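Worksheet: the structure to be examined is printed underneath.
The values are calculated or read from the model by the stated rules, or taken from the named source; none is laboratory data. Bear in mind that the values here come from a model prediction, so they are computed numbers and not experimental data. Cβ: placed from backbone, ideal geometry, glycine included. Neighbour counts: every protein chain shown. In case anyone asks, the SASA skips ligands and DNA or RNA and just uses the protein heavy atoms, side chains included. Shrake-Rupley method; radii C 1.70, N 1.55, O 1.52, S 1.80 Å.
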Amino acid sequence: MSSLPARTFVLPEMLNEWPWPRVLNPHADDAGPASAAWLEQFKPESLAVQKVFAGGNSEGLLSSLAYPTVDNQTLRVACDLMSTLFVIDDYTDPEKSTDVQAVVDRIKDVFRDSVTVRDGDVVSEITRQCWLRAKAISTPAQQERFIEQFCDYLDAVVLEAHDRDDDNVRDFEEYLAVRRDTGAVRPSIWIAECAAGVPEHILNHETLLTLTTCAVDLIIISNDMFSYNKEQARGSLHNIVAIAMKRMNLSLQEAMDWTSARHDAVVDKFLSTLNEVPSWGEEMDARVANLIDGLGYWVRANEAWSFECPRYFGKDGPEIKRTRLVKLVSA
């Protein structure tokens, strides 16, 4: 790569053989703006909410790409949830672990008491209102599953803050185990699970667990590649590419290529596992197929959105998608 311009790297191609295309939900122009208008009421009071709007409030676009077949009500919940997750992420990112733990404790209390309004606590109130809408599209069993996955995400955010406090750089497998929760992908995939209506005992079948874990890994690995430039500018080491550089003494381009190879191996595992999914009868097989489509669309959505929104590449996303050439930015 010696011919590359100084302070640049090439973003490897990904998902060239992925069967699921970019598809936008037909309700995007309704659910997305409605969700943005809901979040707008918190904008003056929270820097984290301001960051969401500074990024064009593109969470509605991500949801509309990730869930292209759900109805308008479900898509609205998805948009609200995505914005909530980004607000929590931006709110906790710069904080010390003790402060993050306090925020997380207040958010968790929302699931104990979702009736009481959290005046003066913007992040908890956003979560509370989002949760009330989510309850309307889910069964009690699905709600329990969401709470468990969402709390796993919150606990991992605290763990990430501890790593940040201690400048701790985990090895790849340790990091991946934590990142599967800090990425908040499982609570997001919950939307697809609700829409498909697959019962928990089938969700826990080994093939569906493998497909779900593969989808989570594909989303977080590619997200770390897309977000690397932004994160290196602020000194964050909670990133697969940064870990590969530090742990294996690789150059940036070598680390990108190494990470891309890991991503491609997971793609192969996902596609091969599709052939191992058993049959549960015609009706349930159709539901399982809808869920698998939900996983496939989510993986594609993450890639498409990363180039179409300003969060990672500013206005240069379309050009970077074409050339794959990224200029390193400074803090």
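Taking residues in region 317-331 that are closer than 14 Å to residue 304 by Cβ, and partners anywhere that are open to solvent by less than 40 Å² (accessible area, probe 1.4 Å) and assigned to a loop (DSSP other than H, G, I, E, B), the pairs with Cβ atoms closer than 9 Å and at least 6 places apart or on different chains are 317/309; 320/11; 321/11. Scanning region 197-215 for residues that are outside any helix (DSSP H, G or I) and of a type in the set (A, V, I, L, M) returns a single hit, 198.
Taking region 198-232, which residues are open to solvent by less than 20 Å² (accessible area, probe 1.4 Å) and over 24 Å from residue 15 (Cα atoms)? Scanning region 198-232 gives 198, 202, 203.
When we screen 230, 246 for residues that are basic (Lys, Arg), at pLDDT below 95 and in contact with a Leu (Cβ under 9 Å, 6 or more places away or on another chain), the only hit is 246. For region 123-171, a residue qualifies if it is open to solvent by 40 Å² or more (accessible area, probe 1.4 Å), in a helix (DSSP H, G or I) and small (Gly, Ala, Ser), and exactly one does: 141.
Considered as a group, the residues in region 178-191 that are part of a helix (DSSP H, G or I) and open to solvent by 10 Å² or more (accessible area, probe 1.4 Å) include one that is farthest from residue 97 (Cα to Cα), and that residue is 186. For residue 175, are the conditions met, namely being touching a Leu at 6+ places or on another chain (Cβ under 9 Å) and open to solvent by less than 60 Å² (accessible area, probe 1.4 Å)? Criteria not met by residue 175. Note on region 62-79: residues that are part of a helix (DSSP H, G or I) and in contact with a helix residue (DSSP H, G or I) (Cβ under 6 Å, 6 or more places away or on another chain) total 12. If I filter region 19-35 for residues that are assigned to a loop (DSSP other than H, G, I, E, B), at pLDDT below 95 and more than 15 Å from residue 298 (Cα to Cα), do I get at least one hit? Looking through region 19-35, none of the residues is assigned to a loop (DSSP other than H, G, I, E, B), at pLDDT below 95 and more than 15 Å from residue 298 (Cα to Cα).
Within this structure, residue 196 passes the test of being modelled with pLDDT of 95 or more and either aromatic (Phe, Trp, Tyr) or within 23 Å of residue 66 (Cβ to Cβ) (or both). In this structure, residue 237 does not qualify as surrounded by fewer than 17 Cβ atoms within 10 Å (Cβ to Cβ) and either touching a Lys or Arg at 6+ places or on another chain (Cβ under 8 Å) or assigned to a helix (DSSP H, G or I) (or both). Note on region 258-270: residues that are open to solvent by 50 Å² or more (accessible area, probe 1.4 Å) and either of a type in the set (Val, Ile, Thr) or in contact (Cβ under 8 Å) with a residue 24 or more places away in the chain (or both) amount to 3.
Whenever a residue of region 9-21 is in contact (Cβ under 8 Å) with a residue 40 or more places away in the chain, its partners that are assigned to a loop (DSSP other than H, G, I, E, B), lying with C-beta atoms within less than 6 angstrom and at least six residues away or across chains, give the pairs 10/324; 11/324.
Pairing residues of region 29-41 that are touching a residue at least 24 places away in the same chain (Cβ under 8 Å) and charged (D, E, K, R) with residues that are surrounded by fewer than 17 Cβ atoms within 10 Å (Cβ to Cβ) and part of a helix (DSSP H, G or I), at Cβ distances under 9 Å and at least 6 apart in sequence or on separate chains, gives 30/72. When residues in region 99-115 are screened for being among the β-branched types (Val, Ile, Thr) and open to solvent by 70 Å² or more (accessible area, probe 1.4 Å), 1 of them pass. Does residue 255 satisfy the condition of being surrounded by 20 or more Cβ atoms within 10 Å (Cβ to Cβ), small (Gly, Ala, Ser) and over 17 Å from the mean Cα position of the chain (by Cα)? The answer is yes for residue 255.
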